[in-house]
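The values are calculated or read from the model by the stated rules, or taken from the named source; none is laboratory data. This one's a predicted model, so the numbers in the text were calculated from it and none came from an experiment. As a convention, Cβ positions derive from the backbone with ideal geometry for all residues, glycine included, and neighbour counts pool all protein chains shown. What goes into the accessible areas is simple: the full protein's heavy atoms, side chains included, and nothing from ligands, DNA or RNA. Shrake-Rupley method; radii C 1.70, N 1.55, O 1.52, S 1.80 Å.
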Amino acid sequence: MSSKHASQLARQRYDVIVVGGGHAGTEAAAAASRVGAQTLLVTQKIQTIGALSCNPSLGGVGKGHLVKEVDALDGICGRAGDWAGIHFSILNRRKGPAVWGPRAQLDRQRYRQFIQSELLSTPGLTILEGSVEELLVTEPNPEEHGQHKVTGIRLAGGSLPISAGSVVLTTGTFLSGSLFMGQTNSPGGRIGDAPSSTGMSYTLRERLGLKLGRLRTGTPPRIVKSSVDFHEATLHPPDSQPSPFSFLNTHTHCKPEEQLPCFLTYTSPGVENMVRESVHLNCHIQQDTKGPRYCPSIESKVLRFPGRKHQVWLEPEGMTSDLIYPQGLSMTMPPDIQLRLIREIPALRRAEIQTPGYGVQYDFVCPTQLSPALQVKSTQGLFLAGQINGTTGYEEAAAQVGTFNVFFMHRCQDLAHCFMQGLWAGVNAARAALSMPTMALSRTNSYIGVLIDDLITRGVTEPYRMFTSRAEFRTSLRPDNADLRLTLKGFEEVGCVSSMRYKGTVRVRDSLQEALAALQDVSMSIINWRDKLPHVHISETKAGILTGSELLQYNDVSFETLAAAFPECLSAYREFAQRLKIEAVYRPHYMYQQKEMERIQKEESMSLPQDLDYFSLPVSLSQEVREILDRVRPTTLGAATRLQGITPAAIVNLFNYVRHSDRKLKRMQRS
């Protein structure tokens, strides 16, 4: 790979051109190159490739799943996170492994250096510093579907056009982006960077006839670390043993004892007062542009949920950085009021702001216009990835539950949405350019498939955020088995996985299958199990035969315990102890879940009572789902499945509730 200016390009045609060097763009460019395409990455500043625009973190609940899946397809972000991480933790650990959320706080400088180094060593990839003025559009190929065909780009400044078989747009918040602070606004997608050309939005809307919308997001001020009183906050240490994101790594670059802590504090009534007093000075918060439901600004939280205190996480920005990132304090008020507001928080009473917070508004393309390959359906050769498709990019996570506002103990950043889309768009752009068929991932075998399916079938009315509850098969879509689900497919069918990674995954797959077979072969009566493992609590009323696989489902039984009892057939598989435990626990749940989905498909005509109070139903439904069901009031289960914003997981829970209620009512009528 080499970096060039436009005048130094050795060629004027590439298989794939990727526009934008952010998180989606870097994964797209690397993926296209791995598939075998000669790829050009165009970015405004080469030095900002790999820059963490907002919160320097990776993963979280749902998002950690995506990072593991991107890594399983040989993406970059997992290995970069392992190299740059300075605070590793598994979120949701009190729940089952299917919903664990691997997360890491990152060192900004280390992360950027790793990404740039990785791209510099990628064969077939050229990086060009410049701004894209417009897309080159011609008549479509009559043998393929589409009304237009994109054949390349033209850079700003009147340079020669650059042709390509496919173009991937990963413009992030730069597509007609505007920055807001107080009552001022200026063009741009990130503070300190030049605004993107307005010609791109014009091309998409006017020449290609695409429907565009407008979204907003924001970022908190950066606080000088030495001005924070950490004694007024609650210490949250990292995990004692960091868990790597990448299946290629057994340990992280940061040693366990070198990790940095995070701290938790809360807003005060003074914060709410400052927000209310300054609303008239904040044009961003007064706009009608849709903001993120699950990562609102402090202004939105205060105005929507008055009288409550909200979490503020104080997170390090690097091993040697003198800045703190106050997760939960995204704000767009004037800088002087920002300073007054943060000083209403006890731990920040003497805080100094290095860079104020600001808001961003930007154009996005309504994602229902995309195919499962992330290609624009009406335009041959054009693929989209990242925030241009209406997904979130960063900020804190919050959820509304009933009338309460609950800010999760996990702090989520949705870089994973961008990585995932970038990789998949890059893969398919390369396949299309090389005359190979594009590919889709099913929502039954990946969170990537869930996210893309949600986007292209339901669209977005606010920035999309991934939750584990969106997946109907989440007991099988776990972080621990992403390699088995995707790496083999990535090598054998997609072409984006190296032979080295593939061979390693084949070894893991074969070893796990052998170990599970060996566990199944270890079969004894309950009495013999009690004699063999007297410390294991097996109910006195239980009788019959148990296999080693069934016994491994018990909470107080580990694979190490069974391997010690049967070393001749199990000791060879000790390195897979945790994975075997998880597999044994979830296998019956997975089988049950499959039967549930098959039953639902047969019960689409089930009537839904029209007097249901969806807000008080004692089932697991998000506030977003409850609002949709209450507003539309579908008459049948099938009608509910077709509502925009209703997840398959919500349908399963609704189906079970109505079925149980019907049975209960019939029993009462008979008696």
**Message:** Under 6 Å between Cβ atoms, which residue pairs at least 6 apart in sequence (or on different chains) link something in the stretch 101-117 that is touching a residue at least 12 places away in the same chain (Cβ under 8 Å) with a partner that is among the aromatic types (F, W, Y) and surrounded by fewer than 24 Cβ atoms within 10 Å (Cβ to Cβ)?
**Reply:** F114/W83
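Take the residues in the stretch 529-558 that are part of a helix (DSSP H, G or I) and more than 39 Å from the chain's Cα centre (by Cα); name whichever of them is surrounded by the most Cβ atoms within 10 Å (Cβ to Cβ).
Quick first cut of the stretch 529-558, residues part of a helix (DSSP H, G or I) only: 529-532, 548-551.
Applying the additional criterion that residues be more than 39 Å from the chain's Cα centre (by Cα) yields 529-532.
Working: W529: 23, R530: 16, D531: 10, K532: 14.
Filtering the stretch 529-558 for residues that are part of a helix (DSSP H, G or I) and more than 39 Å from the chain's Cα centre (by Cα), the one surrounded by the most Cβ atoms within 10 Å (Cβ to Cβ) comes out as W529.
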**Message:** As an exercise: evaluate M319 against (1) open to solvent by less than 10 Å² (accessible area, probe 1.4 Å); (2) in a loop (DSSP other than H, G, I, E, B) and give the number of the one condition it does not meet.
**Reply:** (1)
**Asked** Which members of the stretch 443-502 meet the condition of being free of Cβ contacts under 8 Å to residues at least 60 places away in the same chain and either assigned to a loop (DSSP other than H, G, I, E, B) or farther than 25 Å from K377 by Cβ (or both)?
**Response** T444, N445, L484, L488, F491, E492, S499, M500, Y502
**Of all residues in the stretch 152-170 being under 26 Å from C418 (Cβ atoms) and not small (G, A, S), the one that is most open to solvent (accessible area, probe 1.4 Å)** = R154
**Prompt:** For the subset of the stretch 160-191 comprising residues that are polar (S, T, N, Q) and outside any loop (DSSP other than H, G, I, E, B), which member is nearest to Q380 (Cα to Cα)?
**Reply:** S166
**Among (1) modelled with pLDDT of 95 or more; (2) open to solvent by 20 Å² or more (accessible area, probe 1.4 Å), the one test that G307 misses** = (1)
**Identity of the residue in the stretch 3-47, in a strand (DSSP E or B) and surrounded by fewer than 17 Cβ atoms within 10 Å (Cβ to Cβ), that ends up modelled with the lowest pLDDT** = K4
**Prompt:** K63: crowded, with 24+ Cβ neighbours inside 10 Å and modelled with pLDDT under 95, yes or no?
**Reply:** yes
**Message:** When you check V508 against the structure, is it part of a helix (DSSP H, G or I) and buried (at least 16 other Cβ atoms within 10 Å of the Cβ), yes or no?
**Reply:** yes
**Asked** Hey, among the residues in the stretch 332-356 that are farther than 20 Å from E277 by Cα and not in a helix (DSSP H, G or I), which one's most open to solvent (accessible area, probe 1.4 Å)?
**Response** R350
**Complete:** Of A440, A432, the only residue that is touching a helix residue (DSSP H, G or I) at 6+ places or on another chain (Cβ under 8 Å), aliphatic (A, V, I, L, M) and open to solvent by 10 Å² or more (accessible area, probe 1.4 Å) is A440
**Message:** Considering only residues that are open to solvent by less than 10 Å² (accessible area, probe 1.4 Å) and under 11 Å from the mean Cα position of the chain (by Cα), which ones fall in the stretch 451-467?
**Reply:** L451, R465, M466
**Message:** Checking the structure you have, find out if any residue of the stretch 87-101 is surrounded by 24 or more Cβ atoms within 10 Å (Cβ to Cβ), aliphatic (A, V, I, L, M) and either in contact with a strand residue (DSSP E or B) (Cβ under 9 Å, 6 or more places away or on another chain) or farther than 26 Å from H236 by Cβ (or both).
**Reply:** no
